[in-house]
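Written out below as structure tokens is the structure these notes cover.
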Amino acid sequence: MAKEQKFAPNSEKKTSWTPFVIIGLIFAVTILGIYLITQSGDADPNSGSSSTSSSTSAGSSNGSSPAETAQSQPIANYANAPSGATPAHFKGSESAAVVVEEFADFQCPTCAVVHPRMNEIVSQFGSRIRFVFRNYPLRQIHRNAYDAAVAAEAAGMQNKFWEMQNLLFTNQARWSNAAQPRPLFEEYAQTIGLNIEKFKDDMLGLVAQRRVDLDLQRAQALNLSGTPSILVNGRPVNSFETTSIAQAIEAELARIEKSREAAEQAPAEGGESPANSSDGNQ
Amino acid sequence: MNNGITNQNEGWRLHAAFPVAACIAALVGLADSAYLTAQHYSGSEVPCSIISGCELVLTSTYAEIFGIPTALYGALAYFAAFSLSLLVFYGYKYLWGLFGLLTIGMFAFTVWLLYLQAFVIQAFCQFCLLSALTSTILFVIFLSSRLFSRS
């Protein structure tokens, strides 16, 4: 009883409708707020144009749920899209049946977080995959992203692409908002032992830029909605957790193994080649 | 319905702080989760400037449960917590127990979400941490009220 008394409210405050009016108001304000934010958000982003989208919209194009993980459908024009910069920067086995392609923006914070995870994936799967890195600088929202991509390509011209890629991601916070990022890129070039004069020339030259542009063309043709975008034989992985990416790769490996077994069991009809030929074309 | 209206007591002024504090914390949590819900549906960029990897959390598989944004569950829970604590303040004292059950559920959910961020997604989101803080505050308010009433 004593306990109840302690919680007994003030009867003077008992205005029967007041709390319900307040609750109704709060409800209305919340709904209105959600509506207004949703409307303002709908006005700007991607109505099909990938280059203007932000990193948070990655994996949610066409209203698809970010909860989709393992095996999504391959992107329709994956096989016919421009090939991107050739030869591509890759790790793993060149002839692996599973190609994991990451489209990333060096200035995108999520890409920096995903970077060590992709390294983990590469170590985990080794020669069972071919990990390809593609530049997808979102210039509209990341002012230094394009220059960073060119810096990575310029380093690649001295066979130090991966070293520069690593430095750019790990030092992202340092150069992202710099008014002049190039001196910082030159500092990284020195750190990894590049010929600095050649690096400067290559930064200004057309070859490195052309490679970035080719990757961009591929990303845009694939209609990727943001960065990072990770494709496993053309199937988007819509979660960036290491386990989800690994699961998507495992699923693709299993699918290929299954089709290979099926091809081996079936009578040889016209000598159709198994597994590899079907990759990315479905 | 009359049983929500009880006698006045000198102890009330002190204890009124509990539902009032709960109202404030629930409103903060409601604003936070409603904002995240709106951003989820609009697909626009959430300003994740404080903690790197915030986007990672907001686009993870756990950003939705059964096809509904996790933030929306939070918004509903905070709205319920606000409504209950306000009603308690206005005399519907018996709803405090229901409020307590809600805060226990919210706190358990918070612990699970924190675990996911720390060990599964391996990234934190400042908006999610704010929500974790407000739901923890609600839980602490309820616990304190029980402890206080015993003394």
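Brief remarks follow.
- Boolean, A:Phe161 is surrounded by 21 or more Cβ atoms within 10 Å (Cβ to Cβ) and either over 20 Å from A:Val114 (Cα atoms) or touching a His at 6+ places or on another chain (Cβ under 7 Å) (or both): no
- Here the stretch B:130-151 is the region considered, the condition is being among the hydroxyl-bearing types (Ser, Thr, Tyr) and farther than 15 Å from B:Gly105 by Cβ, and the residue that is surrounded by the most Cβ atoms within 10 Å (Cβ to Cβ) is B:Ser145.
- Screening A:Ala79 on (1) within 16 Å of A:Pro228 (Cβ to Cβ); (2) surrounded by fewer than 23 Cβ atoms within 10 Å (Cβ to Cβ) shows it passes everything except condition (1).
- Of the criteria (1) without any contact (Cβ under 8 Å) to a residue 40 or more places away in the chain; (2) farther than 18 Å from A:Ala219 by Cα; (3) within 18 Å of the chain's Cα centre (by Cα), which one A:Thr170 fails: (1)
- If the condition is being free of Cβ contacts under 8 Å to residues at least 12 places away in the same chain and assigned to a helix (DSSP H, G or I), then the stretch B:57-72 contributes only B:Thr61.
- Yes/no for B:Tyr62 being at pLDDT 95 or above and either surrounded by 19 or more Cβ atoms within 10 Å (Cβ to Cβ) or of a type in the set (S, T, N, Q) (or both): no
- Identity of the residue in the stretch A:228-244, over 18 Å from A:Ala152 (Cα atoms), within 11 Å of chain B (Cβ to nearest Cβ) and buried (at least 23 other Cβ atoms within 10 Å of the Cβ), that ends up modelled with the lowest pLDDT: A:Asn238
- Boolean, A:Ser225 is touching a strand residue (DSSP E or B) at 6+ places or on another chain (Cβ under 7 Å) and either small (Gly, Ala, Ser) or surrounded by fewer than 16 Cβ atoms within 10 Å (Cβ to Cβ) (or both): no
- Count of the stretch A:176-208 residues, restricted to those that are outside any helix (DSSP H, G or I), at negative phi and not hydrophobic (A, V, I, L, M, F, W, C), is 6.
- Those residues of the stretch B:10-45 which are of a type in the set (A, V, I, L, M) and modelled with pLDDT under 80, in sequence order: B:Leu14
Yes/no matrix, rows are residues, columns are (1) surrounded by 15 or more Cβ atoms within 10 Å (Cβ to Cβ); (2) assigned to a helix (DSSP H, G or I):
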residue	(1), (2)
B:Leu87	yes, yes
B:Tyr92	yes, no
B:Leu102	yes, yes
B:Leu113	yes, yes
B:Phe119	no, yes
B:Cys128	yes, yes
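- Condition check for A:Gly48: part of a loop (DSSP other than H, G, I, E, B), touching an Asp or Glu at 6+ places or on another chain (Cβ under 7 Å) and either on the phi > 0 side of the Ramachandran plot or at pLDDT 85 or above (or both): no
- The listed residue being of a type in the set (Gly, Ala, Ser), assigned to a helix (DSSP H, G or I) and in contact with a Leu (Cβ under 6 Å, 6 or more places away or on another chain), out of B:Ala81, B:Ala108: B:Ala81
The values are calculated or read from the model by the stated rules, or taken from the named source; none is laboratory data. Owing to the predicted nature of the structure, the values given are computational and were not obtained by experimental measurement. Because the Cβ atoms are built from the backbone with ideal geometry, glycine has one as well, and the counts that use them run over all protein chains shown.
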